[in-house]
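The values are calculated or read from the model by the stated rules, or taken from the named source; none is laboratory data. Bear in mind that the values here come from a model prediction, so they are computed numbers and not experimental data. Note that each Cβ is placed from the backbone with ideal geometry, even for glycine, and that neighbours are counted across all protein chains shown.
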Amino acid sequence: MQKKVLIIGAGVIGCAIARELSRYQIDLTVLERGHDVCEGSSKANSGIVHAGFDAKPGTMKAKLNVEGSQQYEAFCAELGVPYSQPGAMVLAFTDEETETLQVLYRQGIENGVKDLSLLNTAEVLALEPNVNPEVKGALLAKTSGLVSPYELTYALADHAALNGAHFIFNEEAETLVQTGDGWIVHTRNGQYEADVIINCSGVSSAKLHNQISDDKREIINRRGQYWLLDHDVHRLFTMTMFQCPTKMGKGVLVSPTVHGNLLLGPTAEDIPDALDTSTTAEGLANVLNTARKTWPGINTRTGITNFSGIRAHEKNGDFIIGRVEGVKGAYETVGIESPGLTSCPAIAKLLADQVAEGEALEKKADFKAPVKLPKPFNEMTDEERRAAIAADPLNGKLICRCEVVTEGEIRAAIRRPVGATSIDGVKRRTRAGMGRCQGGFCSPRVAEILAEELKIPMTEVTKCGNESKLLVGTLSDSFAEV
Ligand SMILES: Cc1cc2nc3c(=O)[nH]c(=O)nc-3n(C[C@H](O)[C@H](O)[C@H](O)COP(=O)(O)OP(=O)(O)OC[C@H]3O[C@@H](n4cnc5c(N)ncnc54)[C@H](O)[C@@H]3O)c2cc1C
């Protein structure tokens, strides 16, 4: 009989591990407390594929960052996920920061990062003329990249599902109980049996770890708030612009996204509630004040939204990955804060190899290659658009005008192996609602399409699962009540 493997958490790490393990002859389930894949830190981060100069040499972070970053281009190309490698700079504004650049440079070389160099003021301004002219110098890392973290996570989930992984949503693992042969994972709604459990629950990972191990872990919830600016300012910076890191992290960046927006942030605030992804006036003002040091000309009129994500910072500072010491059939990834997104290909391979060896798993003969994400209509040439419309006339119906997303693309996103079930699920898979109007125009039409595809009444369509319904009733219902 096939071993039952249960992954807890469908973030980029859980999904990447699921995809690696779907190569083996196992009964694989991913349990997620959210209503969709990618509902934790993986949906709200900077989307940078870090070069690897920042992590302390000798740590798991340093090793997996550099390994992950080197694999990224091929990793994304195989899945059809957008990735680019424009490079990054760390800017110095004081003599002390100029010394920090030297430290980062040496650290990068020690970590095995290629294509690092130190620039003077003129060289910085020649490459990025919108940088504050008071800059004293910079570290240039040409291998720094950009990725869409949610598009990557959805693609990984789809590939795992294509190879037999089951995804179960709205189920929170509450208690892990070891039985003679394996595990029972209790949720509010029931229980799941497994031979092997893998804890990939992000900010909750220490809580689940501490239930089954005497070697206690502690996660500090470190929130990062952002400003997202519209496309029209994108050309102002071609690379990711960091400031010098502090003990709280890599600091506030000004960076293009892989889709051409400009991102400012994040803050680094330790907060008690791991689910508090609110933004605050103080936090957002702090981002602007700090980012102005990099780019004095920020114009907030181009801001289209704000958001925040929570880092799972383990108090000892490094990633914890592997078998839970002394506990049979239990594996984990704990404290996967930045550079977790960058490291995910390497983390997934490392952990899946350990599980395969530890549990004596055998490879499948019929592992299927991923179905690449199609080129978005937005990026097609006129000729490609004509062909797309000929293949499916619904590609001729524009639903999101800001981001140029068609009805055909939205229906396809709902029909994917792990398809969208909410307005936000459609938004992150297709970019409908990601633009300047933030869904003001297209959300009603997206809701109609979701209702048709999922065969549910419009009143059941949600923005982001649970009780986030858009409509409270129908007009005829309310007339009937009068
Ligand atoms: C502000 C910020 C900026 C960042 N910037 C970068 C960057 O530029 N580059 C980079 O490499 N990394 C970056 N990171 C780090 C990166 O986002 C994370 O390392 C990565 O997303 C972690 O993925 P994960 O799957 O471990 O966690 P998550 O994405 O949080 O996934 C964990 C999942 O587990 C689910 N879950 C939790 N508890 C339970 C439970 N009990 N039962 C069932 N499900 C559960 C959650 O709902 C969630 O979906 C950043 C992080 C933040 C917050």
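Below are the figures for this structure:
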quantity: Filtered residues of region 27-43 (kept if more than 6 Å from the ligand (Cβ to nearest atom) and under 14 Å from the mean Cα position of the chain (by Cα)); calculated: Asp36, Val37, Cys38, Lys43
quantity: Condition met for Gly329 (in contact with a Phe, Trp or Tyr (Cβ under 8 Å, 6 or more places away or on another chain) and under 22 Å from Pro82 (Cβ atoms)); calculated: no
quantity: Qualifying positions in region 296-314 - touching a residue at least 60 places away in the same chain (Cβ under 8 Å) and either buried (at least 20 other Cβ atoms within 10 Å of the Cβ) or within 16 Å of the ligand (Cβ to nearest atom) (or both); calculated: Thr305, Asn306, Phe307, Ser308, Gly309, Ile310, Arg311, Ala312, His313, Glu314
quantity: Meets criteria (acidic (Asp, Glu), within 10 Å of the ligand (Cβ to nearest atom) and touching a residue at least 12 places away in the same chain (Cβ under 8 Å)) for Glu193; calculated: no
quantity: Checklist (1) surrounded by 21 or more Cβ atoms within 10 Å (Cβ to Cβ); (2) farther than 24 Å from Ala10 by Cβ applied to Ile389, failing item; calculated: (1)
quantity: Pick from region 31-48, criterion of a type in the set (Gly, Ala, Ser) and at negative phi, ranking: surrounded by the fewest Cβ atoms within 10 Å (Cβ to Cβ); calculated: Gly34
quantity: Identity of the residue in region 68-97, part of a helix (DSSP H, G or I) and more than 22 Å from Pro370 (Cα to Cα), that ends up farthest from the ligand (Cβ to nearest atom); calculated: Asp95
quantity: Selected residue [at pLDDT 95 or above, of a type in the set (A, V, I, L, M) and over 19 Å from His313 (Cα atoms)] from Ile197, Ile220, Ile271; calculated: Ile197
quantity: Answer from Gly11, Gly52 - the residue that is more than 9 Å from the ligand (Cβ to nearest atom) and either crowded, with 24+ Cβ neighbours inside 10 Å or among the basic types (Lys, Arg) (or both); calculated: Gly52
quantity: Test: residue in region 55-66 that is farther than 24 Å from Ala420 by Cβ, surrounded by 24 or more Cβ atoms within 10 Å (Cβ to Cβ), among the charged types (D, E, K, R) and within 14 Å of the ligand (Cβ to nearest atom); calculated: yes
quantity: Single unsatisfied condition, Ala74 versus (1) surrounded by fewer than 19 Cβ atoms within 10 Å (Cβ to Cβ); (2) touching a residue at least 12 places away in the same chain (Cβ under 8 Å); calculated: (2)
quantity: Those residues of region 400-434 which are assigned to a loop (DSSP other than H, G, I, E, B) and either at pLDDT below 95 or over 21 Å from the mean Cα position of the chain (by Cα) (or both), in sequence order; calculated: Arg401, Cys402, Val404, Arg415
quantity: Tally, over region 170-190, of residues that are touching a strand residue (DSSP E or B) at 6+ places or on another chain (Cβ under 7 Å) and either within 13 Å of the ligand (Cβ to nearest atom) or small (Gly, Ala, Ser) (or both); calculated: 8
quantity: Only listed residue being within 16 Å of the ligand (Cβ to nearest atom), under 30 Å from Asn120 (Cβ atoms) and not in a strand (DSSP E or B), chosen from Thr143, Thr153; calculated: Thr143
quantity: Selection from region 247-283 of residues that are more than 21 Å from the chain's Cα centre (by Cα) and touching a residue at least 12 places away in the same chain (Cβ under 8 Å); calculated: Pro272, Thr280, Gly283
quantity: In region 383-427, the residues that are closer than 23 Å to Leu471 by Cα, out of contact with any strand residue (DSSP E or B) (no Cβ under 6 Å at 6 or more places or on another chain) and of a type in the set (Asp, Glu); calculated: Asp424
